[in-house]
Amino acid sequence: MTATKTERIKCLIIGSGPAGYTAAIYAARADMNPVMYTGMEPGGQLTTTTEVDNFPGYPDGIDGPTMMIQLQKQAERFGTQVRMGMVTEVEFSKEVGGIHRACIDNSTWVEAETVIISTGATAKYLGLPSEQRLRGGGVSACAVCDGFFYKNQQVAIVGGGDTAAEEATYLANICEKVTMLVRKDEMRASKAMQHRVTSTKNIDLRYNTEVDEVIGEQVVEGLRMINNETGEKEDIEITGLFIAIGHKPNTDIFKDQLEMDDTGYLITQGKSTKTNIPGVFASGDVQDKEYRQAVTAAGTGCMAALDAERYLATVESEAEETEKVSA
Ligand code: NDP
């Protein structure tokens, strides 16, 4: 019986959002023959967005899924192999020049000289059936992406952290009125951000308030709020509901191997995309809880490919030196 040989690749890219595809374009053009595994949601978070109006180079905007298909085609034009599949386990080598291993769909292992992680983060939702039904129909987890579609309209936002505070003030500039629902009697956001919220006239701040139901069949038409102290319910008319209750970085499979902060975001070194493991790089939302934009993710994807290319060059030249010395 012959044992099947494990595939060895130069550059493994995990995840298929703007960071992953940009890394793929750069890695492929640098002859690193990248192989990308797309993950469960090929194209990443942008595929759940309708119109992308803030990515430079698209004067008329572009819808998220189309943009991701174009990014895939561009990556494939230079030789990237894009494969459907989920990386379910990793074994990273701690040695410089060591070989990293990744298991695909709990069955096949691949070996890689470099790994670029661009697994992104997933926006948290409340989990209400009415909210899930209206995702894409007025319920959004990104005010910067979708706020403009609600110009001069009435909207609501849920959350009391820095993101919710920042997005509420962003929306207040565009929309007629923003109702902000905070579930406790205080906000978690920094004092400065709280001040910005409370001093913005068209933000109606409601403490101890949660979403009872999002009203509307095809599109959002209103919101039933509930005061969690008194149980009192109130309906308001809105056309957009923004959920800003945090994100979860997709890093579970890297636990105990890569350094992460206390919320699970990967830690990169200085201005680079280097993780604590030589040859493993992180780009996009998986290492960025602050900016979280397609264009910033793409930027760090480019950086990760350049960092990986330089790493390989150093490893190869060190190996050549060692060969010369021992010859
Ligand atoms: P946070 O985890 O800080 O805040 C989440 C908020 O959502 C909290 O107010 C929380 O309420 C609320 N929440 C959670 N679950 C629910 C629920 N089921 N129903 C209602 N409300 C809920 O997330 P952020 O995205 O705001 O921030 C993430 C990190 O990024 C933070 O460290 C933040 O400081 C940072 N950040 C910094 C910015 C800046 O400096 N400019 C901008 C944006 C983010 P509760 O408090 O009751 O738990």
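Readers should treat all values here as calculations from the given coordinates under stated rules, not as data from a laboratory. A quick note: this is a predicted structure, and the numbers were derived from the prediction, not measured. Every residue, glycine as well, gets a Cβ built from its backbone with ideal geometry; the counts of neighbours run over all protein chains shown.
Of note:
- Reach of residue 201 by Cα under 17 Å, taken over lysines that are not fewer than 8 positions away in the same chain: 151, 177
- Isolated Cys residues of the chain, judged by Cβ distance under 4.7 Å to other cysteines: 11, 103, 175, 302
- Computed label-point distance, nm, for sites residue 83 and residue 313 using a 7 Å Cα→Cβ extension: 2.8
- Residues whose placed amide H lies under 5 Å from that of residue 7, excluding near-sequence neighbours: 111
- Under 5 Å from the amide H of residue 276 lie the amide H atoms of 259, each residue being 5 or more positions distant or on a separate chain, with H modelled from the backbone and absent for Pro and chain starts.
- Highest to lowest packing among 224-232, 268-276, scored as the average C-beta count within 10 Å: 268-276, 224-232
- Fully extended contour minus Cα-Cα distance, from residue 126 to residue 29, at 0.36 nm per residue: 30.7 nm
- The relative contact order of the range 149-296 comes to 19 percent, based on Cα pairs under 8 Å that sit 6 or more residues apart.
- Long-range amide H partners of residue 222 with built H, under 5 Å: 215, 238
- FRET efficiency for residue 106 and residue 235, using Cβ-Cβ distance with R0 set to 56 Å, rounded to 0.05: 0.75
- ³J(HN,Hα), Karplus 6.51/-1.76/1.60, whole Hz, each residue of the range 267-283, x for Gly, Pro: 9, 10, 8, x, 8, 8, 9, 5, 8, 6, 9, x, x, 10, 10, 10, 9
- Cross-link partners of residue 255 among lysines, defined as those whose alpha carbon lies under 27 angstrom from its own and excluding same-chain residues fewer than eight positions apart: 10, 94, 124, 271, 274, 289.
- Whole-Å distance, taken between Cα centres, linking the range 188-267 and the range 17-42: 32
- Taking the DSSP bridge list for the chain and keeping only pairs wholly inside it, about 45 percent are antiparallel.
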